[in-house]
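The values are calculated or read from the model by the stated rules, or taken from the named source; none is laboratory data. Quick caveat: nothing in here was measured; it's all calculated off a predicted structure. FYI the Cβ positions are ideal-geometry reconstructions off the backbone, even for glycines, and counts take in every protein chain you see. The area values use the complete protein model at the heavy-atom level, side chains included, leaving out ligands, DNA and RNA. Shrake-Rupley method; radii C 1.70, N 1.55, O 1.52, S 1.80 Å.
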Amino acid sequence: MPLPEITLAVLWVGLTAYVLFGGADFGGGFWDLVAGGARAGRRQRALIEHSIGPVWEANHVWLIFVIVLMWTGIPPVFAAVTSTLYIPLTLAALGIIGRGAAFAFRKVSAELWQQRLLGGTFAVSSVLTPFFLGTAAGAIASGRVPPGLARGDLVGSWLGPTSLVGGLLAVGTAAYLAAVYLARDAQRTGDAGLTEAFRRRALGCGAVVGVLSAAGLLVLRADAPRLFAELTSGRALPFLVLSVLAGLASLVLLWLRSYVAVRVTAALAVVGLLWGWGMGQYPTLLPGLTLRQAAATDSVLAATLVSLAVGAVLLLPSLWWLYATFQREHTHPTAPTADQ
Amino acid sequence: MEDLVLARVLTAAGPAWAAGAGPVDLAAARSQMALSLGWHIVLACLGVGMPAITLLTEWRGQRTGDVHYRLLARRWARALGVLFAVGAVSGTILSFEMGLLWPGLMGVYGEVIGLPFALEAIAFFVEAIFLGIYLYAWDRLPPRAHLLTGVPIVVAGVASAFFVVAANAWMQTPTAFAVEGGKVVSVEPWAAMFNPATPAQTVHMILAAFMVAGFCMAGVYAVAMLRGRRDRYHRLGLLLPLTVAALVTPAQVVVGDWAARVVADHQPIKLAAMEGLFRTERGAPLHVGGVVVDGELRYALEIPYALSLLAHGSPDAVIAGLDGIAPADRPPVNVVHWAFQIMVGLGLALLALSVWLAVSWRRRRDLPGSRWFLRAVAVSGVAAVLALEAGWVVTEVGRQPWTVYGVLRTSEAVNPAPGLVYGFVLVALVYVVLTAAVVYVLRRLARDVPVPIAPQESDVTGYKVV
Ligand code: HDD
Ligand code: HEM
Ligand code: HEM
């Protein structure tokens, strides 16, 4: 594969990792939001906090990875997207501040009113951030971001039908993934009631996301016909099929309480959607701008890819160690930690 | 056909750039960038310097078995957890803003500075992963292993400071690229990263991070000692970070001089602004203080020949003044000149404080007894942060009106979309709230008894810091 294609693939891997890991952290915030009153929701919130605490910063770095790779690998696309989608991206950025800061502060605050205020900020921004990022994705997918600086409609570009579906889908996927992961975490702590609760939520949420995706396809047909055609009869079809099958399998596995296997299929369902979009749109990144036209010079791509490959040798084992350490932790969630 | 499309794409961008954002929007974008960078950099300095000092303390604790070290390390680690989270989110905003505010820069030159940023992303991963392990696995790992998990945090922190400042250095002394028709046609990414400004600027920045962290941490314990808490715990809490900062400070002054000589060689207009030098002169004097009125520096103290000597090592070297530069192409001289004075003045003051500590330690193996010493240490953190901010004002305002020195103007870099002002107001409000919250949380952390006391440590009670 030529360098621009490899770079785009690496970028897409980063995006996938962000949706699967960072997305689930946002989803945790969603369940925090709907967990009920301070007393009733305490156990759920404790589980969410315990699951997210050690890993969210590492998960969050995937977003930075994607942004940086975008301006390095396809700079005109980065400039066009950020300048036209100035409004939703600013709101998403503020949401990221609110989410991260409130989460960190809540852990060290003692009084109930503070925990409520910070918890509320954490939860609300956990929902708004993926929503705005999703609308931005929808704007790109429906061809509303032209090349050049701020050439698109500053408001209309991200409020089109595809954007709205994208926003809802982002929130829904995040919540769904989180429920699936949390069900297993709860099971590991031996809390049967909580496990059941997250299983029910995963089932409900899975159904909603399935329906949303189907509705999204209809919207695409009207709003982004080219992408629709690729998804339903072109190169992207295999990914769509993968997504549908994995989604159905997840519902069955949840029904059967097979919490480990469903982690894999739920992730695959999301991967199918993302890569289907990518495949369907390739090689046109923005209207009238193909990957080859947008790509950085080969010397930059080569240096970056080699550096990332060397970095990966360092990072993947470390990441593995991080997740392994704290997945094991779940067996005794009440043990004191350095920060409690 | 493809070329035709490309040409259209590129010219489509043309008119909008030429029109530019309104002057208010440009000012808003610059203010927003300055606010978020100036905010992030403080957290980033703590994120670079604090882990090293914390690890040093934890290591001393393991070597000596003195429980005070362990308690200090734990307390600092707890603060680090908060600081890192806020540093990470404020840094994320920055990477958004590079595009939201300066698409004219990133759309063309993003690839030229892409390599250091990609390497920085790797460093962030390392940092975040090992921070998670270091903070949360304190009781699960054997002491030695726990100490080792902190080492990658320190290395990655210093590395990320290096990479991000190397990117900034390229904007000061752009090299190793070629542009044709508004598109970059060739880049030597490694040479761009190691541009002429990189060595001095990155070293200066990393040392600044250790100064900021060391003086700020020591300052907290100086306040506590002024309030009468003079036990071993507080003395160590002051002494360890202060020693680190005091060792770094003399080196920083030397490196600052090196940075100034790099500026003299590569950014003569900036040097003239730093010095308030309007006429090109042989044997130029150094100006201390003064204000610019009607294109002339007044009321300044002149040290004859000193500028030529410092900048080029010879008393009668020629220094270019601002008179050869069109007024529209000059940076705001008062701001740059005063920022430079403030940084150098504070740097020398901190040097004096470091010497005071060293003399006392040599004579009596003890801190100076004077309350004035504690008072000075108490404000040293603020002084270091001010010097840091002043230094960045010199660097960034001094390169105006250019974003990439001599290559791309700030007005061409900015997002042409209308309404950036509203974004700035919103972001500013969020930062006000965030600042208040961070200060509140840190004060709380310093007040309460944070760490569950293990049985063998129960004789150490009441270790509120302030
Ligand atoms: C604790 C902070 C601190 C202290 C005590 C000093 N500096 Fe500094 N200085 C910085 C922190 C800093 C910085 C981190 O803010 C800057 C901004 C950009 C950079 O790389 O370092 C900087 C920039 C900077 C520049 C501009 C470089 C450029 O534009 O490329 C010069 C010429 C100096 N410094 C010189 C000095 C001198 C002569 C000092 C002697 C006392 C000094 N600095 C102390
Ligand atoms: C790698 C690091 C940095 C990069 C890439 C960077 C980049 C930029 C960019 C693109 C701008 C806007 C264009 C312009 O006004 O020229 C800017 C402005 C500015 N930056 Fe930096 N910057 C960096 C570090 C910093 C830091 C750490 C500070 C800390 C205070 C800082 C202070 C400023 C200020 C004050 C401005 C506004 C300039 C003005 O209003 O005249 N910069 N920077
Ligand atoms: C344009 C300028 C800058 C950008 C785009 C930027 C970007 C970022 C980002 C995205 C993060 C979050 C990483 C994470 O999630 O762990 C971060 C954190 C960090 N940044 Fe910056 N940064 C800039 C300026 C600087 C400068 C000048 C320094 C120099 C010391 C610096 C040092 C750090 C460090 C050490 C961290 C991690 C530690 C912490 O979070 O406290 N950054 N930065």
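Restrict the check to the stretch A:210-227 and report whether at least one residue is surrounded by fewer than 20 Cβ atoms within 10 Å (Cβ to Cβ) and not in a helix (DSSP H, G or I).
No, the stretch A:210-227 contains no residue that is surrounded by fewer than 20 Cβ atoms within 10 Å (Cβ to Cβ) and not in a helix (DSSP H, G or I).
Determine, yes or no, whether B:Arg30 is more than 16 Å from ligand 1 (Cβ to nearest atom), touching a Leu at 6+ places or on another chain (Cβ under 7 Å) and part of a helix (DSSP H, G or I).
Spelling it out, it is not the case that B:Arg30 is more than 16 Å from ligand 1 (Cβ to nearest atom), touching a Leu at 6+ places or on another chain (Cβ under 7 Å) and part of a helix (DSSP H, G or I).
Kindly evaluate B:Ile93 against the criterion of being within 16 Å of ligand 1 (Cβ to nearest atom) and β-branched (Val, Ile, Thr).
no
Cβ contacts < 8 Å: first residue touching a residue at least 24 places away in the same chain (Cβ under 8 Å), restricted to the stretch B:332-359; second residue within 16 Å of ligand 3 (Cβ to nearest atom) and among the polar types (S, T, N, Q), any location; separation 6+ or different chain. Result?
Here the result reads B:Gly347/B:Gln252, each pair linking the stretch B:332-359 to a residue that is within 16 Å of ligand 3 (Cβ to nearest atom) and among the polar types (S, T, N, Q).
Count, please, the residues in the stretch B:392-406 that happen to be over 13 Å from B:His266 (Cβ atoms) and more than 9 Å from ligand 2 (Cβ to nearest atom).
Going through the stretch B:392-406 one residue at a time, the tally reaches 1.
Being more than 7 Å from chain A (Cβ to nearest Cβ) and over 18 Å from the mean Cα position of the chain (by Cα) is the filter; apply it to the stretch B:70-96 and report the residue that is most open to solvent (accessible area, probe 1.4 Å).
If we take residues in the stretch B:70-96 being more than 7 Å from chain A (Cβ to nearest Cβ) and over 18 Å from the mean Cα position of the chain (by Cα), then B:Arg70 is most open to solvent (accessible area, probe 1.4 Å).
Looking at the stretch B:399-440 only, could you name the residues that are β-branched (Val, Ile, Thr), open to solvent by less than 50 Å² (accessible area, probe 1.4 Å) and within 16 Å of ligand 3 (Cβ to nearest atom)?
Within the stretch B:399-440, B:Thr403, B:Val404, B:Thr410, B:Val414, B:Val427, B:Val438 qualify.
Take the residues in the stretch B:375-398 that are within 17 Å of B:Ala328 (Cα to Cα) and surrounded by fewer than 24 Cβ atoms within 10 Å (Cβ to Cβ); name whichever of them is farthest from ligand 3 (Cβ to nearest atom).
Filtering the stretch B:375-398 for residues that are within 17 Å of B:Ala328 (Cα to Cα) and surrounded by fewer than 24 Cβ atoms within 10 Å (Cβ to Cβ), the one farthest from ligand 3 (Cβ to nearest atom) comes out as B:Val397.
Restricting attention to the stretch B:343-396, report how many residues are of a type outside the set (Gly, Ala, Ser) and near ligand 1 (Cβ under 10 Å from one of its atoms).
Total satisfying the criteria: 15.
With at pLDDT below 95, closer than 30 Å to B:Leu374 by Cα and surrounded by 24 or more Cβ atoms within 10 Å (Cβ to Cβ) as the only criterion, which of B:Tyr221, B:Tyr233 stands out?
It is B:Tyr221.
Can you name the residue in the stretch B:126-182 that is within 30 Å of B:Gly406 (Cβ to Cβ) and over 21 Å from the mean Cα position of the chain (by Cα) and, of all such residues, is most open to solvent (accessible area, probe 1.4 Å)?
Here the answer is B:Glu180.
With the structure loaded, tell me whether B:Ala16 is away from ligand 3 (no atom under 13 Å from the Cβ) and at pLDDT below 90 or whether it fails that test.
yes
How many of the residues making up the stretch B:190-204 are more than 10 Å from ligand 1 (Cβ to nearest atom) and open to solvent by less than 10 Å² (accessible area, probe 1.4 Å)?
3
So which residues in the stretch B:143-160 are away from every other protein chain (no Cβ under 13 Å) and within 13 Å of B:Ile122 (Cα to Cα)?
Listed by number, the residues that qualify are B:Gly157, B:Val158.
Quickly run through the stretch B:260-279 and pick out the residues that are modelled with pLDDT of 85 or more and open to solvent by 20 Å² or more (accessible area, probe 1.4 Å).
Correct list: B:Ala260, B:Arg261, B:Val262, B:Val263, B:Asp265, B:His266, B:Pro268, B:Ile269.
Across the stretch B:292-307, which residue is least open to solvent (accessible area, probe 1.4 Å) among those that are in contact with an Asp or Glu (Cβ under 9 Å, 6 or more places away or on another chain) and under 18 Å from B:Val336 (Cβ atoms)?
Checked the stretch B:292-307; the qualifying residue least open to solvent (accessible area, probe 1.4 Å) is B:Leu307.
Just to be sure, is B:Glu111 facing chain A (nearest Cβ under 9 Å), crowded, with 24+ Cβ neighbours inside 10 Å, among the charged types (D, E, K, R) and within 20 Å of A:Leu314 (Cβ to Cβ)?
Here the answer is no, as B:Glu111 does not meet what is asked.
Being open to solvent by less than 70 Å² (accessible area, probe 1.4 Å), touching a Leu at 6+ places or on another chain (Cβ under 6 Å) and touching a residue at least 24 places away in the same chain (Cβ under 8 Å) narrows it down to one residue among A:Leu242, A:Leu231, A:Leu251; which is it?
A:Leu231
Residue-by-condition table, conditions (1) touching a Lys or Arg at 6+ places or on another chain (Cβ under 7 Å); (2) buried (at least 21 other Cβ atoms within 10 Å of the Cβ):
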residue: B:Ile206; (1), (2): no, yes
residue: B:Gly228; (1), (2): no, no
residue: B:Leu240; (1), (2): no, yes
residue: B:Ala251; (1), (2): no, no
residue: B:Gly290; (1), (2): yes, no
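Residue by residue, here is whether (1) among the hydrophobic types (A, V, I, L, M, F, W, C); (2) closer than 30 Å to A:Ala186 by Cβ; (3) part of a helix (DSSP H, G or I); (4) within 14 Å of chain B (Cβ to nearest Cβ) holds:
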position: A:Leu251; (1), (2), (3), (4): yes, yes, yes, no
position: A:Ala267; (1), (2), (3), (4): yes, yes, yes, no
position: A:Val271; (1), (2), (3), (4): yes, yes, yes, no
position: A:Leu274; (1), (2), (3), (4): yes, yes, yes, no
position: A:Met279; (1), (2), (3), (4): yes, no, yes, no
position: A:Arg292; (1), (2), (3), (4): no, no, yes, yes
position: A:Leu301; (1), (2), (3), (4): yes, no, yes, yes
position: A:Val306; (1), (2), (3), (4): yes, no, yes, yes
position: A:Leu316; (1), (2), (3), (4): yes, yes, yes, yes
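Any residue in the stretch B:54-70 that is part of a helix (DSSP H, G or I), more than 27 Å from A:Leu91 (Cα to Cα) and within 14 Å of ligand 3 (Cβ to nearest atom)?
yes
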